[in-house]
1. Angle, helix 18-29 long axis vs. longest principal axis of the chain, Cα atoms, 0 to 90°, nearest 10?
2. Compute the separation of the alpha-carbon centres of the range 1-68 and the range 78-124 and state it in Å as a whole number.
3. Divide by every residue of the chain the summed helix terms, -39500 (n - 2.57) for each DSSP H run of at least 4, and state the resulting mean residue ellipticity at 222 nm, rounded to the nearest 500 deg cm²/dmol.
4. Rank these for me by crowding, T190, T247, going from fewest to most other beta carbons within 10 Å.
5. Can you pull the three principal axis extents for the Cα set of the chain, in Å, largest first?
6. Using only Cα atoms, tell me the angle between helix 68-82 and the longest principal axis of the chain; keep it within 0 to 90° and round to the nearest 10.
7. Between the helical axis of 118-133 and the dominant principal axis of the chain, each derived from Cα atoms, what acute angle in degrees is found, rounded to the nearest 10?
Amino acid sequence: MAGKLAGRVAAVTGSGRGLGRAYAHALAAQGAALAVNDVDGDVAQQVADEIREGGGRAVADVGSIAEPAGAQRLVDAAVEAFGHLDVMVTNAGADRRGPVVDLTPEDWAFTLGVHLFGSIHCATAAARAMLARGGGGSIVIVTSPAFYAGTPNLAPYCVAKGGTYGLLRVLAAELGPQGISVNGVAPPLTATGPVQAFLASLEGVMPPDQLEAFKASAQDPADVAPIVAWLATDEGRRINGQLFTMTRDELTLITPPGERDAHHATGTWTLEEIDEVMPTLLGTG
């Protein structure tokens with residue numbers, strides 16, 4: 001298939017459904033060969049078949065990337081099928097939800113294992129393969145606005161996605177000088193299975209008119225996917241360490257919060273001086 005990614009090889013974790021499936025199709029539409037990963041072998045194979053039926057190249061990789069062996073197996077599958085790996089998209093996720101005081105250590109371990117450690121394992125396995133080949137590459141870390149919004153009942157998810165943002169920043173600093181760009185995508189509310197289940201759980205909790213507006217704002221996965229494909233192009237690979245979000249009509253660069261400073265004349269802050277300047281720092285004064 002002709003396109004901006006012709007001749008390149010990509011792996012997308014959790015790409016049997018939802019956003020991952022949309023990312024895989026967007027990359028394939030630009031000519032990339034795909035290693036389609038999912039814990040559900042049937043849906044992984046279905047997406048790989050869809051890509052091949054559309055004239056592309058794809059293989060299915062079945063397994064969890066929450067452990068290093070699973071991540072390495074995915075990278076090996078891409079290299080064995082297509083000779084090398086140019087693009088890794090760490091999209092896979094699974095989470096446990098509920099009030100933070102009710103969550104168990106197992107809930108935290110499960111969610112961080114897939115979202116955060118899965119991203120760590122896949123990004124580092126991909127980086128090793130790219131560095132060994134000496135040809136550079138692109139790593140796209142999928143995070144979420146939840147990490148800075150602090151969404152109730154999603155504590156492990158928010159914490160994991162905050163970790164993935166930290167991961168993309170440090171990997172960008174380490175790998176960028178070696179020719180591997182590392183950027184992030186924080187999808188907005190998107191009409192996927194988990195999101196629809198979350199919205200259903202808000203019935204009776206959120207006022208009906210607000211809930212309907214919330215549902216109406218959900219994006220189609222295909223509308224969010226182009227930025228992932230673009231980050232894998234030559235133009236996209238010139239950018240490093242950045243975080244984007246995309247809707248059907250808007251592309252946004254997300255930047256870390258700015259700083260507000262306050263000064264005082266004495267040598268050490270007093271509590272009274274902190275009282276005085278705090279409204280200015282918080283923007284409430």
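Derivation of every value follows stated rules applied to the coordinates shown; laboratory data play no part. Keep in mind the model is a prediction, meaning the values are calculated, not measured. FYI the Cβ positions are ideal-geometry reconstructions off the backbone, even for glycines, and counts take in every protein chain you see.
1. 50
2. What the calculation gives is 17 Å, centre to centre.
3. -13500 deg cm²/dmol
4. By the 10 Å Cβ count, ascending, the order reads T247, T190.
5. Taking the Cα atoms of the chain, the three principal extents are 67, 49, 39 Å.
6. Helix 68-82 sits roughly 40 degrees off the main axis of the chain.
7. 50
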